[in-house]
C-alpha cells in the first residue's frame, strides 16, 4: 500500500515508521524546515518539504497513485482541507484525519470526513472507563463502518439485572457483546446472567445511544448522561 | 441585511465599514481583539473574539439567521472550512470565502463554494495595466 502522510510531528513520524516496518510505501510531507532537517537523515527520500495543503506539493508527493492519505497536522482546518481535496481531486480510496480539538469533530462529520482520530476524545473515554462510577461511556466509533462500541452500567434497578442474556430483547441495531465483571470480560453467551454492578459492552448503529440509555438506565435522562460523557466536557 | 465577517484585517474591516454605511447590520469575528481597533471604539457592530471554524463562536456572532457570511481571515483553509460550515450547517444562503491560492479557489468553487481569489484578480488587473501601456505586440 502507498500512503501519503501530511504532517511529520510525533503522530506522522511514528505512523510512517510503523507503516514502513510493515512493508508499506510511505511519503511524509512537512512544512517546517527545522523539523524537516531533523528528520531527513532518518526518512531520506520518504520526506518532502512543503505545505501539504498546496495542490502541487501533494502531486509531487504522488497523491494521484496513493491508496491512502493520512492528514495528521496540528491544524484541524488543514486536515479538513487535505482530506476534502484528496477525495475530491484525486479520488483517494481511503482518507484518515486527525482531530486536534475535539470541538472540531462536528466539522469533520459535517463535511463527510468519516475516519477521524481524536487523542483527547480517546483519552477522556479511557479515563471515564477507569472511573469507579460511570453510567455510559462511548468507547469506540467507526463511522465509516457505521458502528459504535459503548459501555453501560447495570444498576440495581436496571430491568436487566439478574436476567439471562437469552431473555433480553434489545432493539434492532443493538448487539450486546460482553459483560464486564470484576475487571474481566465475559462473552455474552445466551446462558450468561447479568448481575447488578456489571457493565455491558454493546455494539450499535450510531444514533441509537438514546434508545439504549432509556432501556438500560430508565431512571436517567439521556441528555444528562450524554452531557457528562460527550466531548463537551472539554473546554479550553 | 445581517452580515457576518470573519477576519478583521484590511479587507474585513473595510467591508464592515462599507456595509454599515449602507445601513446593514454587521458582526465581526477575529481571534485577536486588538484587530477590532481598526474600526475604532464606537463602531456599531457586534464583535466576537474567537475562531471562524468554531461553531459556538459563529453562533455568538448570530450566524443562525444571518443573510451572508464572509470568510476573510489570513488563512485560506480556515476561510474554505468556515464558509462550508456557514453554508451546510447554518444554511446561510450567501457564504463567500477569500482564497489566495488560485488552485484551491478553483477546486472548491467547482465543489459549490463561492470563492474570491485576489491573486487571480490581481494577475488579470496587472496584465491589463501592462497591456494598456501600448507596448509593442508579441512576435516583434
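Quick note: the coordinates plus some simple rules give every number you see, no bench work behind them. Not measured: the values here are computed from a predicted model. Heads up, the Cβs are rebuilt from the backbone with ideal geometry, glycines too, and the neighbour counts pull from every protein chain shown.
Points worth noting:
- If you go through the stretch A:64-92 and keep only what is in contact with a strand residue (DSSP E or B) (Cβ under 7 Å, 6 or more places away or on another chain) and either surrounded by fewer than 21 Cβ atoms within 10 Å (Cβ to Cβ) or away from every other protein chain (no Cβ under 13 Å) (or both), you end up with A:65, A:66, A:67, A:68, A:69, A:70, A:72, A:87, A:92.
- Any hit, the stretch A:28-35, residues being within 14 Å of chain B (Cβ to nearest Cβ) and surrounded by 17 or more Cβ atoms within 10 Å (Cβ to Cβ): yes
- All positions within the stretch B:88-112 that are facing chain A (nearest Cβ under 10 Å) and under 20 Å from residue A:112 (Cα atoms): B:88, B:89, B:104, B:107, B:108, B:110, B:111
- Matching residues, the stretch B:51-67, being more than 11 Å from every other protein chain (Cβ to nearest Cβ) and either touching a helix residue (DSSP H, G or I) at 6+ places or on another chain (Cβ under 9 Å) or not in a helix (DSSP H, G or I) (or both): B:61, B:62, B:63, B:64, B:65, B:66, B:67
- Those residues of the stretch A:93-118 which are in contact (Cβ under 8 Å) with a residue 60 or more places away in the chain and more than 10 Å from chain B (Cβ to nearest Cβ), in sequence order: A:98, A:102, A:105, A:118
- Set B:81, B:70: member being surrounded by 12 or more Cβ atoms within 10 Å (Cβ to Cβ), closer than 17 Å to residue B:1 by Cβ and either touching a helix residue (DSSP H, G or I) at 6+ places or on another chain (Cβ under 7 Å) or more than 10 Å from every other protein chain (Cβ to nearest Cβ) (or both): B:70
- Scan of the stretch A:19-37 for residues that are part of a helix (DSSP H, G or I) and over 17 Å from residue A:71 (Cβ atoms), ordered by number: A:20, A:21, A:33, A:34, A:36, A:37
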